């Protein structure tokens, strides 16, 4: 109990409030069951992909890639910038935004400490692209899985609809990253020292973990359900660690905090929607793609992007597919202003605190606001033009 953080207690309180709503009849039992049944497969996927990513990090998969990225840059910050944005974007797209925030951030910060690379540009790259690069695939973000199921799209159909908004979001993010954090006048360094590769501690574990990540990505491309692909790939790595390094396997690998938060959310939001929130959200979302996107971004920065999307989704009919996708864009690309706007951002701030990386909050919020407005506008425009 002493290890629980303030954020953990908030999650537990949210679940308790949801269960109390069901117990008192504020949320009918059948409605609660339908809501949790909808989120069940998403939680199976989330647990699987986080266990997979955690163990892949322990097997040094991310460390090895980050080192090769820095070596390939050869001391040139522009080359490093392009490689890092590509690396963070691909991790977000294929392994979920929380993987980028939770696992890639400490890897990149550790690399910065070893090589003299400016830490803040690397940190901002991970937190911004964890959010803005999470549009392409259903697995990139939990909100995407909800949207995909809502309007009945396959993985390929979803990607075919979202590739243009995703490219627009990443392009705008790269411009903001370079201007405010990566250019020579902002980062304060001219060149960096390419690192010497660390030896891989256990090559069989490294190979199996890397192969499991590729297996997971291949499964998604071939339309295997995320709730099947993620736990199967995770099981492969768990078995490998059970044989080679059992000490790394513990119950802490299971992201119980996320499970508690999501379950509580899917009980509390439907309850609030029954008692007036529906009308407020309906007014905010209004009609049209741009308004829905801006409403999603604004609500995300006020209350967090997951409840913002869930509440907004309730007032948009399934046949209004483009408006729902615009809300999704606002909820994914927009939560860049407040530290609590997305779970990925909260986790990122915690890692920066542990590594003693100073993040100037006024600059974080101002540059995040600019990127949120420009990124959402560009992404929705791309959605409309390719509709």
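Computed values, structure above
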{"item": "Stokes-Einstein D in µm²/s, Kirkwood radius over Cα pairs - the chain at 20 °C with 1.002 mPa s viscosity", "result": "101 µm²/s"}
{"item": "Fraction of the pair-distance distribution of region 18-136 above 18 Å, Cα-Cα pairs, percent", "result": "58 percent"}
{"item": "Crossing angle, helix 321-333 versus the chain [Cα axis fit, 0-90 degrees, rounded to tens]", "result": "50 degrees"}
{"item": "Tensor-based shape of region 162-247 (alpha-carbon gyration tensor, a/c under 1.5 rounded, otherwise prolate or oblate)", "result": "oblate"}
{"item": "Between 0 and 90°, nearest 10: helix 361-385 axis offset from the chain longest Cα axis", "result": "70 degrees"}
{"item": "Potential extension, residue 72-residue 167 segment - 0.36 nm per residue separation minus Cα distance", "result": "31.8 nm"}
{"item": "Euclidean distance of C-alpha centroids, region 242-269 and region 317-387, integer Å", "result": "25 Å"}
{"item": "Principal-axis tilt of helix 226-244 within the chain, Cα atoms, nearest 10 degrees", "result": "40 degrees"}
{"item": "Rounded, prolate or oblate (a/c below 1.5 giving rounded, otherwise prolate when a/b exceeds b/c) for region 41-94 by Cα gyration tensor", "result": "oblate"}
{"item": "Potential extension, residue 17-residue 278 segment - 0.36 nm per residue separation minus Cα distance", "result": "92.1 nm"}
{"item": "Shape category assigned to region 225-373 from the gyration tensor of Cα positions, a/c cut at 1.5", "result": "oblate"}
{"item": "Computed label-point distance, nm, for sites residue 381 and residue 228 using a 7 Å Cα→Cβ extension", "result": "4.1 nm"}
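Taken together, the values in this text are just the output of simple stated rules run on the coordinates, not laboratory data. The shown structure was predicted, so the numbers you read here are calculated from the model rather than taken from an experiment. Here the Cβ is made from the backbone with ideal geometry for all residues, glycine too, and neighbour counts use every protein chain on show.
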